[in-house]
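Asker: What follows is a structure written as C-alpha cells; I'll ask about it next.
The values are calculated or read from the model by the stated rules, or taken from the named source; none is laboratory data. Bear in mind that the values here come from a model prediction, so they are computed numbers and not experimental data. Every residue, glycine as well, gets a Cβ built from its backbone with ideal geometry; the counts of neighbours run over all protein chains shown.
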C-alpha cells in the first residue's frame, strides 16, 4: 500500500473507471467518490461527493471512442475540482484522440490538439499525464507540465516473453511518419527495420500501403503503430508483407481503438496476434482470437506516485522500478485475457 506524502485522491470520468480502478489497486488506495450523470438530451452533470479542499487530485478520463463527450466531461471535472478548492488537479488522459490534429497541413482547418490544450489549461488543470501521443510535439501546445509516458517497454517485454524475439525478427513501420517510433522499438529489441509506404487520399480511415521498403522475405515481422481504428493500415501492411514473402506477422499497438469492423478485418488477416495496452476499454475485442491486452495502469499509477511525492520523473526509468512495473502489468494481463 502506498504510504507517501498524503492520501492520493484518484477520481474517474465515465469512461475512465476501469483503468482508474487498476491504478488504485496498484497504489493500494480507494477510488474517489464522484458521480457522472448524462441526461437524455446529452447534457452532462458531474459532482464530487466528498471534500477535497487543499487536496491534490487526479482525474482519469481517456478521450477516444466518443471524444467530444469525453473531452467536455473532462473539462467539467477539472472545473468541479477547482471550485471545490482542490490544491491541484492533474488530468490523466491515457489516450488523447485529438493529438492527431497537431498541425495546419491544409488551408482553413483547425489545429484541434492546440484548441484542446487551451481548453484544459483555461478550465484550471495544473498538469497532464498521457501516453504515446500521435504527435509528440503536442506536449508543446501546453504551458502546464505534460508527463508523456511510453508503451514501448511494455510491448517490447511482451514480445520477449512470447519467445518471438530472435535474429529473424524485423520491426515494421506502417508508414514513414511512424518510422522514428519503429526505430526505437527496433533498437530496444535489437532488430532491423522495414517501412511501409502509405498514402491517404481523403479524410477517412482508409489508407493504401503502396510498397514495403526493406528486406522482409523469410522474416518474422512485428508491425508497430500508436493506434488503429478501422484496422485498414494494419491489414494492408500485413498483406503487403505476405506478398513480399514474410513468414509470421505480429502487431503491437499503444492504443486499441479498433471498431467492430476493424476487429473483423484483423481476425481475417495474416496476423498471429496483435498486442495493445488497455488505455481504452475495447469490449468488442473480448471474443477476438488475435487481439491481446497488457495493462498500462501500473505505469500511470507509478507516475502519479512520483508526482505526488514531488520526486523526479526520471525515477520511472530506474531499472528496478521498470522491472516491477512490467511484472505488475503482466499480473494484470491475466485478468485481461
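Asker: Got a number for residues in the stretch 247-266 being touching a residue at least 60 places away in the same chain (Cβ under 8 Å) and not in a strand (DSSP E or B)?
Answerer: Total satisfying the criteria: 3.
Asker: Still on this model: Can you give me the number of residues within the stretch 11-29 that are farther than 22 Å from residue 282 by Cα and at pLDDT 95 or above?
Answerer: Pass one, the stretch 11-29, residues farther than 22 Å from residue 282 by Cα: 27-29.
Narrowing further to those that are at pLDDT 95 or above: none.
Count: 0.
Asker: While we're on this one: Against the condition within 21 Å of residue 84 (Cα to Cα), touching a helix residue (DSSP H, G or I) at 6+ places or on another chain (Cβ under 6 Å) and modelled with pLDDT of 95 or more, how does residue 34 come out, does it pass?
Answerer: Values: within 21 Å of residue 84 (Cα to Cα): yes; touching a helix residue (DSSP H, G or I) at 6+ places or on another chain (Cβ under 6 Å): no; modelled with pLDDT of 95 or more: yes.
Criteria not met by residue 34.
Asker: Just for the stretch 181-205: of the residues that are over 28 Å from residue 328 (Cα atoms) and outside any loop (DSSP other than H, G, I, E, B), which one is modelled with the lowest pLDDT?
Answerer: Here is the first cut: in the stretch 181-205, the residues over 28 Å from residue 328 (Cα atoms) are 192-205.
In the following step, the residues that additionally are outside any loop (DSSP other than H, G, I, E, B) were identified as 193-199.
Values: 193: 95, 194: 94, 195: 91, 196: 85, 197: 78, 198: 62, 199: 59.
Looking at the filtered set, the residue picked out is 199.
Asker: Take the stretch 227-246 and flag every residue that is under 20 Å from residue 214 (Cβ atoms) and not in a helix (DSSP H, G or I). Explain how you work it out, then say what you get.
Answerer: Looking only at the stretch 227-246, we keep the residues that are under 20 Å from residue 214 (Cβ atoms), and these are 233-246.
Hits for the stretch 227-246 are 244, 245, 246.
Every residue, every condition in (1) in contact with a strand residue (DSSP E or B) (Cβ under 8 Å, 6 or more places away or on another chain); (2) crowded, with 18+ Cβ neighbours inside 10 Å, yes or no:
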{"site": "103", "(1), (2)": "no, no"}
{"site": "110", "(1), (2)": "no, no"}
{"site": "120", "(1), (2)": "yes, yes"}
{"site": "123", "(1), (2)": "no, yes"}
{"site": "128", "(1), (2)": "yes, yes"}
{"site": "142", "(1), (2)": "yes, yes"}
{"site": "148", "(1), (2)": "yes, no"}
{"site": "153", "(1), (2)": "no, yes"}
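Asker: Find the residue count for the stretch 278-324, including only residues that are loosely packed, with under 13 Cβ neighbours inside 10 Å, assigned by TED's automatic domain parsing to the domain that holds residue 268 and either on the phi > 0 side of the Ramachandran plot or not in a loop (DSSP other than H, G, I, E, B) (or both).
Answerer: 1
Asker: Evaluate the stretch 234-248: report whether one residue or more is at negative phi, in the same structural domain as residue 163 (by TED's automatic domain parsing) and touching a helix residue (DSSP H, G or I) at 6+ places or on another chain (Cβ under 8 Å).
Answerer: yes
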